[in-house]
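The values are calculated or read from the model by the stated rules, or taken from the named source; none is laboratory data. No experiment lies behind these values; they were computed from the predicted model shown. Cβ placement follows ideal geometry from the backbone for every residue including glycine, while neighbour counts extend to all protein chains displayed. Heads up: the accessible areas ignore ligands, DNA and RNA and are worked out on the full protein's heavy atoms, side chains in. Shrake-Rupley method; radii C 1.70, N 1.55, O 1.52, S 1.80 Å.
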Amino acid sequence: MTAALSGQVFAVERRVRFADCDTAGIVFFPRYFEMLNGVVEDWFFEALGVSFRELHMNRGASVPTAAIEARFIAPSRLEDELTATLTVTRLGGASCSLRHRIHAGDQLRFEATQTLVFVGSSLKPEPWPDELRAGIAPFLETAA
């Protein structure tokens with residue numbers, strides 16, 4: 001079964017920087033994980049309306065990654081223009097699963113699935129606050 005995107009897609013554009021590359025001139029694989037973290041941080045700020053500063057510093061909460069799986073499809077090189085997209089594949093009580101894709105033009109370079117868990121000040125998983133759940137829901141994919 002193929003997933004159809006009926007929900008919103010969050011997208012961030014970014015140029016590959018010198019610091020992203022290894023000595024072969026391609027993106028060093030851990031840098032993709034840093035890019036994903038940046039996309040999630042931007043998604044919270046721009047789409048969900050809660051900055052990481054507000055979430056972590058003021059509310060004492062966090063959204064750690066509980067699981068991640070990645071595929072490296074094609075290399076990205078210095079100064080490539082990348083578009084990273086994020087959609088939600090599952091929204092649970094205290095967690096959500098994300099689908100990340102990074103493209104350069106029409107070419108898929110990298111994809112990953114990531115599970116985030118909402119952790120409150122108790123340092124234990126807690127249900128998503130209502131305003132975050134309401135913000136996440138529009139990004140939920142549905143099967144065709």
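For this structure, a couple of remarks:
- Picking from residues in the stretch 42-51 that are in contact (Cβ under 8 Å) with a residue 60 or more places away in the chain and open to solvent by 30 Å² or more (accessible area, probe 1.4 Å), the one that is nearest to PRO129 (Cα to Cα) is GLY49.
- Of all residues in the stretch 63-85 being of a type outside the set (Val, Ile, Thr) and open to solvent by less than 30 Å² (accessible area, probe 1.4 Å), the one that is nearest to the chain's Cα centre (by Cα): ALA84
- If the condition is being in a loop (DSSP other than H, G, I, E, B), open to solvent by 40 Å² or more (accessible area, probe 1.4 Å) and of a type outside the set (D, E, K, R), then the stretch 3-20 contributes LEU5, SER6, GLN8, VAL9.
- Inspection of the stretch 62-79 finds a residue satisfying the criterion of being touching a His at 6+ places or on another chain (Cβ under 7 Å) and farther than 18 Å from VAL12 by Cβ.
- Within the stretch 109-144, being crowded, with 16+ Cβ neighbours inside 10 Å, among the charged types (D, E, K, R) and in a helix (DSSP H, G or I) holds for no residue.
- For the condition open to solvent by 50 Å² or more (accessible area, probe 1.4 Å) and either among the aromatic types (Phe, Trp, Tyr) or under 15 Å from PHE29 (Cβ atoms) (or both), ARG99 does not qualify.
- Restricting attention to the stretch 81-108, the residues being without any contact (Cβ under 8 Å) to a residue 40 or more places away in the chain and under 23 Å from GLU13 (Cβ atoms) number 7.
- Listed by position, the strands (runs of 3 or more DSSP E) inside the stretch 21-108 whose residues that are among the basic types (Lys, Arg) and within 23 Å of ILE136 (Cβ to Cβ) number at least 2 are 95-104.
- Of the criteria (1) surrounded by fewer than 18 Cβ atoms within 10 Å (Cβ to Cβ); (2) in contact with a Phe, Trp or Tyr (Cβ under 8 Å, 6 or more places away or on another chain), which one GLU54 fails: (2)
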